[in-house]
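Student: Pasting a structure below so you can have a look.
The values are calculated or read from the model by the stated rules, or taken from the named source; none is laboratory data. Nothing here was measured: the structure is a model prediction, and the numbers come from that model. Glycine gets a Cβ as well: all are built from the backbone with ideal geometry, and neighbour counts include every protein chain shown.
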Amino acid sequence: MKKFINTDKIYPAIGIFGILIIWQALVVIRQTPMYILPSPIDIGLALVKDWDLIYYHLIVTVYESLAGFAISIILAFLISIFMDSFNFIKKLLYPILVISQTIPIIALAPLFIIWFGFGMMPKIVTVVIVCFFPIAINLVDGMDSIDDDYLKLFKSMKASKIQTLYHLKLPFSMVYFFSGLKIGATYMIMSAVIGEWLGGDRGIGVYMLRAKNAYALDRVFASIVVIVGLSILLITLIELMSKKILVWQNERDEE
């Protein structure tokens, strides 16, 4: 029976369901106005009623997020390989990457709008800035954590740097890579929305801003639900992908 019941998923579902019930009860009992705090039912109705408009804006946000995420992955691979291959590049770039993450993205987004205009480009750049760091750092740490015995074995077999990278370092660091992907996917949609808040005419962030200005908090919460759901979907897809690719890791964990 336990094989058919995944308690890891049941308990969070029960917790979320309980919070929604308490939320709904408090709003009804206290008769809280919708412009202060809408009930879960109001949010659900707004999501259904306004879905066409939400979808219209969501397509742009998804495109910006996926484009920025793809660029982040490519840049992370290139820079992490250079950092692993040349120690002076690692010493040069690693502190800069760390410092870049201490700058609030809300402060950089307006600069991107000034430099790149009000189109999709500043939002894509914002996503790249946010998602690039966890992916690159995880890849670099993954390559650094390889056992010296493996490296000595490849060296004794006279493997070239490219062969060592392709057959040892990259496969070994895939576990770290997917961890970085999941972290990046967590912030991917959010960073695009932040960019849309500060300028643009289409996107889920623009929709949220207009709903907030109209005190339509049920629509604001509805868009938040969509963002959370989409982020969870992306993380789930990455998790499934990692299980398919990292077969050797899953077999080792089961042992």
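Student: Determine which single condition Ile89 fails, assuming it passes every other condition in (1) closer than 30 Å to Leu168 by Cβ; (2) surrounded by 15 or more Cβ atoms within 10 Å (Cβ to Cβ); (3) touching a helix residue (DSSP H, G or I) at 6+ places or on another chain (Cβ under 6 Å); (4) of a type in the set (A, V, I, L, M).
Tutor: In the conditions (1) closer than 30 Å to Leu168 by Cβ; (2) surrounded by 15 or more Cβ atoms within 10 Å (Cβ to Cβ); (3) touching a helix residue (DSSP H, G or I) at 6+ places or on another chain (Cβ under 6 Å); (4) of a type in the set (A, V, I, L, M), Ile89 misses (2) alone.
Student: Search segment 95-119 for residues that are among the aliphatic types (A, V, I, L, M) and pair each with any residue that is part of a loop (DSSP other than H, G, I, E, B) when their beta-carbon atoms are under 9 Å apart and the residues are at least 6 apart or on different chains.
Tutor: Hits for this filter: Ile106/Leu198; Ala109/Leu198; Ala109/Gly199; Ile113/Leu198; Ile113/Gly199; Ile113/Gly200.
Student: Being more than 30 Å from Ala211 (Cβ to Cβ) and either among the aliphatic types (A, V, I, L, M) or at pLDDT below 90 (or both) narrows it down to one of Ile96, Ile71, so name that one. Give the derivation first.
Tutor: Details: Ile71 fails: more than 30 Å from Ala211 (Cβ to Cβ).
Matching residue, one of Ile96, Ile71: Ile96.
Student: Considering only segment 200-233, how many residues are small (Gly, Ala, Ser), over 13 Å from Val60 (Cα atoms) and surrounded by 20 or more Cβ atoms within 10 Å (Cβ to Cβ)?
Tutor: Here is the first cut: in segment 200-233, the ones small (Gly, Ala, Ser) are 200, 203, 205, 211, 214, 216, 222-223, 229, 231.
If we keep only those that are over 13 Å from Val60 (Cα atoms) as well, we get 211, 214, 216, 222-223, 229, 231.
Okay, now just the ones that are also surrounded by 20 or more Cβ atoms within 10 Å (Cβ to Cβ), so 211, 222-223.
Summing the residues that are small (Gly, Ala, Ser), over 13 Å from Val60 (Cα atoms) and surrounded by 20 or more Cβ atoms within 10 Å (Cβ to Cβ) in segment 200-233 gives 3.
Student: Among the residues of segment 29-59, what is the count of those that are touching a helix residue (DSSP H, G or I) at 6+ places or on another chain (Cβ under 8 Å), assigned to a helix (DSSP H, G or I) and either among the charged types (D, E, K, R) or over 11 Å from Ala222 (Cα atoms) (or both)?
Tutor: Number of matching residues: 4.
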